[in-house]
Amino acid sequence: MQIWDNYGLADHTTMGIGGKARKFVEADSVQDILDALQMAHAESVPVFILGAGSNTLIADEGFNGYVIHPAMKAVEWLPQQDGSVLVKMDAGANFDDVVAESCRRNLGGIEALSGIPGSAGGSLVQNIGAYGQEISECFVSAEAVHQNDCDVLTLRREHLAFGYRQTALKTADNPFIIVSVTLRLEPFDADKAAERCAEHGFKRMALNKPKTASELRDVVIETRRSKAMCYDRNDYNTHGVGSFFVNPVVSGVDAQRLNAASIIKNHKPMPSYPADNGMTKLSAAWLIEQAGYNKGYCFKGASLSEKHCLAIVNRQHATCSEVIEFAQDIAKRVYLQFRVELKPEVVYLTPTGIGELPCTPKDAELLGAAFRPNPLFL
Ligand SMILES: Cc1cc2nc3c(=O)[nH]c(=O)nc-3n(C[C@H](O)[C@H](O)[C@H](O)COP(=O)(O)OP(=O)(O)OC[C@H]3O[C@@H](n4cnc5c(N)ncnc54)[C@H](O)[C@@H]3O)c2cc1C
């Protein structure tokens, strides 16, 4: 275990933003995690778990507690008699390395998640998803440490309340530190993969019709690169957290209202996808663009990615406050234009722990005087 005092966190995030942590602990084992928890308890300060920092926005003031970074990276591949393979990953394993190896073995289950940065632990917390696939679909179990009593226990599907980019772990009062995640992967099924891609409008995949998991991975990565959705140290368009906001899920009635207005205004329908319980998922990127923001739109040190309207990126030494101000601006305008609330996908770390990112459009009306919404969409 290594411990640093007053440790700068910005370099541990893909946004490259954030102040210092009182303590930063690199944990090489479960025992290290337990020891770090005891030290934090003894000092009566909070604990935050940081994986690869690809879905975390850290306050400029930093974090007045222990940041524990799980650095255990072992991965075990356990073939089963029924042809499936269990893969058990330590929380600190690079999730995309596991996806790459699963594709090399021509296994299906996580191939569409290719190119998403992050640790195995962080990927579970957010129930990562892309192109119609989510990690929850092949989740078997996770080993976790309970922060209060330091017990090590097994979490199963029923404990995690998986949702769209959401789990019970992605909450301010989550007591669990994930130490390993086990998934069940099946032999790659090209027909099933093609069906899913068609359902989710993944055109490039429909054209390529990949026959193996590796071929599918190649198309996914190529597509993601074209949208600056693969992290690249040298490209500021990737210095964000992927999608800053989740795609809003609205009632069928609201979706119809917006669609009708879109046809009148744009002469074409608004992009939308079926969601659970008869609801409709809208494209947050489309809403943002329609509210007047172009790709590459700059706001102080931050900007939208030049390749994707849903990614707020650190273009030039942005501060956390600037990113929040920008996110508020976007959420307010989208709300005023469409009466649709944008909710952040990113986790916001404040000096005392995970906080609510203050970009809900409760005070949207304040902007009203300066901004004239398009009456068609109201
Ligand atoms: C360019 C880019 C593209 C992206 N594309 C996608 C995408 O297509 N789909 C998608 O879903 N996401 C995407 N993301 C977001 C991000 O990559 C994922 O959410 C990723 O899985 C986060 O993992 P992490 O280790 O970086 O988590 P972190 O940012 O380190 O942590 C995120 C949350 O998980 C918690 N956490 C992390 N590890 C543990 C643990 N071991 N135990 C308990 N809690 C833990 C943290 O406390 C925090 O609350 C993208 C990000 C970038 C930068």
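Since every read-out is calculated from the coordinates, none of them should be taken as a lab result. As the structure is a computational prediction, the values presented were derived from the model and not from experiment. All Cβ positions, glycine included, derive from the backbone under ideal geometry; neighbour counts span all protein chains shown.
Out of every Cα-Cα pair that the chain contains, those further apart than 33 angstrom amount to 32 percent. When the square roots of the Cα gyration tensor eigenvalues are ordered a ≥ b ≥ c, the ratio a/c for segment 75-226 is 1.5 or more and a/b exceeds b/c, which makes its shape prolate.
Sorted largest first, the principal axis extents computed over the alpha-carbon atoms of segment 1-45 equal 30, 22, 13 Å. Between the amide H of residue 297 and those of 304, distances stay under 5 Å, these residues lying 5 or more places away or on another chain, with hydrogens modeled in the peptide plane. Among the GluC sites (Glu not before Pro) in segment 41-91, those placed in a DSSP loop whose Cβ has at most 15 other Cβ atoms within 10 Å are 61. Centre-to-centre separation between the Cα atoms of segment 31-68 and those of segment 115-179: 18 Å.
Computed from backbone phi, the HN-Hα couplings of segment 123-139 come to 5, 5, 3, 8, 6, 4, x, 6, 6, x, 10, 10, 4, 4, 4, 10, 5 Hz, rounded to whole numbers (Karplus: 6.51 cos²θ - 1.76 cosθ + 1.60, θ = phi - 60°; Gly and Pro given as x).
Cut-off 17 Å, label point 7 angstrom out along Cα-to-Cβ of residue 226: give me the residues of segment 269-306 whose amide nitrogen falls inside. Only 306 pass the distance filter. With an a/c value of 1.5 or above and a/b larger than b/c for the gyration tensor axes a ≥ b ≥ c computed over the alpha-carbon atoms, segment 236-377 is described as prolate. Backbone geometry of segment 68-84 corresponds, through the Karplus equation with coefficients 6.51, -1.76 and 1.60 at θ = phi - 60°, to 3J(HN,Hα) couplings of 9, 10, x, 10, 6, 10, 5, 9, 10, 10, 10, x, 10, 5, 7, x, 7 Hz, x marking Gly and Pro.
Around the amide H of residue 315, modelled in the peptide plane, lie the amide H atoms of 302, 303, all under 5 Å away and 5 or more residues distant in sequence or on another chain. Prolate is the label for segment 112-196, because a/c, from the alpha-carbon gyration tensor with a ≥ b ≥ c as root eigenvalues, is 1.5 or above and a/b exceeds b/c. Annotation: amide H of residue 345 within the under-5 Å range of 245, 246, sequence separation 5 or more or interchain, hydrogens built in the peptide plane. Once the Cβ-Cβ distance between residue 105 and residue 156 is put in as r, and R0 is 30 Å, what FRET efficiency do you end up with, to the nearest 0.05? With a Förster radius of 30 Å, E is 0.75.
Counting beta carbons within 10 Å around each of 180, 29, 44, 136 and listing the fewest first gives the order 44, 29, 136, 180.
Within segment 1-152, the percentage of alpha carbon pairs spaced more than 28 angstrom apart rounds to 25%.
Annotation: segment 1-76 has a Kirkwood hydrodynamic radius of 12.5 angstrom, from the mean reciprocal C-alpha pair distance. Between residue 3 and residue 44, the FRET efficiency estimated from the beta carbon spacing at R0 = 22 angstrom works out to 0.80.
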